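Okay, structure first, notes after.
The values are calculated or read from the model by the stated rules, or taken from the named source; none is laboratory data. Remember, it's a predicted structure, so these values are computed and weren't measured experimentally. So basically every Cβ, Gly included, is an ideal-geometry build from the backbone, and we count neighbours across all protein chains shown. Note: areas computed on protein heavy atoms with side chains; ligands, DNA, RNA excluded. Shrake-Rupley method; radii C 1.70, N 1.55, O 1.52, S 1.80 Å.
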Amino acid sequence: MCLLVTVFAAITASILWYTHAENDKYLFKVLTAIYWGASLMWLVDAIFEYAELKAAFFQQAPADLLNDTILGLCAVALGLVAWLVVLLIKDPKKVFKKQ
């Protein structure tokens, strides 16, 4: 579920980046890179876990699915926090430089 949550976030961020590509003042390209990087990380994790568990990989308990979903949502939230930090440092609207 971590993989699915981060892939959906990456697709959403990619759509935002693509629609604002000419004037990317909100740095959606950074958000897109964060989420695609997380998706790649979870994909590698899923490949290695499948290699270890084989068919049992697809037979997870509901509690494990819930934990994976929460972990995916936490990864998306942490990505948003990292993007906001980058956005505040770059200050594209020059809000902090006016003061």
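Note on ALA51 and VAL81: with the Förster distance fixed at 30 Å, the Cβ-Cβ geometry gives a FRET efficiency of about 0.40. I'd like the FRET efficiency for LYS93 and LEU4, computed as 1/(1 + (r/R0)^6) with the beta carbon distance as r and R0 of 35 Å, rounded to 0.05. Efficiency computed from Cβ-Cβ geometry: 0.55. Of all lysines in the structure, those lying under 23 Å Cα to Cα from LYS93, and not within fewer than 8 positions of it along the same chain, are LYS25, LYS29. Within the accessible area of the chain, the carbon and sulfur atoms contribute 73%, probe 1.4 Å, all protein chains present. Counting only heavy atoms of the protein chains and using a 1.4 Å probe, VAL95 has close to 70 Å² of accessible surface. At a probe radius of 1.4 angstrom, the accessible area of region 55-99 per residue rounds to 78 square angstrom. If you take all other residues with their beta carbon under 13 Å from the beta carbon of MET1, and give Lys and Arg +1 and Asp and Glu -1, the sum is -4.
Counting heavy atoms of the protein chains alone, ILE70 has an accessible area of about 80 Å² for a 1.4 Å probe. Tilt of helix 2-19 relative to the longest C-alpha principal axis of the chain, in degrees (0 to 90, nearest 10)? The angle comes out at about 30 degrees.
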